[in-house]
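Read-outs throughout are calculated quantities, based only on the coordinates presented, and are distinct from any laboratory measurement. Keep in mind the model is a prediction, meaning the values are calculated, not measured.
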Amino acid sequence: MSTSMHAAFRQAEKAKALDEVPVGAVLVCDGDIIARAHNLVMMRKDPTAHAEILVIQEGALALDTIFLSNCDLYVTLEPCAMCAQAIAFARVRRLYFGAYDPKGGGIDHGARIFSQKTCHHIPEVYGGILESKCSSILINFFKNKRTLNAPK
């Protein structure tokens, strides 16, 4: 499990190097990583280009199916409501995430997508995996942004 989360974290580092919000994700099926992605919102000028959406798309293509029911998703940040709904639609078996997101999360915070009776598929969810490492890359990213954009 931590090997996959470390792989997701490496994707977050790639996002950070591109000045994207450092969130990374990997999709694991039968013990193998079949898809890797990180946020590309700014680069693609696409507000839906979250790591989770991109990794689900890549995984669905790799497996030639829309249902990822034998797959586990590892992501460095609690998915937002949009990504949580995509995870439900893709029927991902298990979701593992690193940092909790009290402001934008859609699992344990905010919309709590998987708690809604309208949610047609609920994966097993495990939060707080490598939480301090996953939190600190985000905290430092935004701290640097505020420092760079501070009035002089």
Rounded tilt (10° steps) of 51-63 against the dominant C-alpha axis of the chain | 40
Taking the Cα atoms only, what angle lies between the long axis of helix 131-148 and the longest principal axis of the chain, rounded to 10 degrees?
-> 40
Euclidean distance of C-alpha centroids, segment 79-145 and segment 27-54, integer Å | 14
To the nearest 10 degrees, how steep is helix 81-90 against the longest Cα principal axis of the chain, on a 0 to 90 scale?
-> 30
Please work out whether segment 44-130 counts as rounded, prolate or oblate from its C-alpha gyration tensor, where a ≥ b ≥ c are the square roots of the eigenvalues and a/c under 1.5 means rounded, while otherwise a/b larger than b/c means prolate and anything else oblate?
-> rounded
Which of Lys103/Lys133; Lys16/Lys117; Lys117/Lys143 exceed 29 Å between C-alpha atoms? The answer is Lys16/Lys117; Lys117/Lys143
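Answer rounded, prolate or oblate for segment 105-152, using the Cα gyration tensor with square roots of eigenvalues a ≥ b ≥ c: rounded when a/c is under 1.5, else prolate when a/b is larger than b/c, else oblate. Mind dumping the intermediate values first?
Numbers: a/c = 5.70, a/b = 2.20, b/c = 2.59.
Oblate.
Calculate how many DSSP beta bridges within segment 9-152 are antiparallel, expressed in % of all such bridges and rounded to the nearest 5. Present the calculation step by step, with values, prior to reporting the outcome.
Values: 11 of 19 bridges.
About 60 percent, rounded to the nearest 5.
For segment 3-76, just say rounded, prolate or oblate: build the C-alpha gyration tensor, square-root its eigenvalues into a ≥ b ≥ c, call rounded for a/c under 1.5, and beyond that prolate if a/b exceeds b/c, oblate if not. Please report the intermediate quantities before stating the final value.
Numbers: a/c = 2.84, a/b = 1.43, b/c = 1.99.
Taking the square roots of the gyration eigenvalues as a ≥ b ≥ c, segment 3-76 is oblate.
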So what J values fall out for segment 110-127 if you push phi through Karplus, 6.51 cos²θ - 1.76 cosθ + 1.60 with θ = phi - 60°, rounded to Hz, Gly and Pro as x?
-> x, 5, 6, 3, 6, 8, 7, 5, 7, 6, 7, 9, 10, x, 5, 10, 10, x
Just need log10 I(q)/I(0) for the chain at q = 0.20 Å⁻¹, Debye formula, equal scatterers on the alpha-carbon atoms, no solvent, rounded to two decimals.
-> -1.24
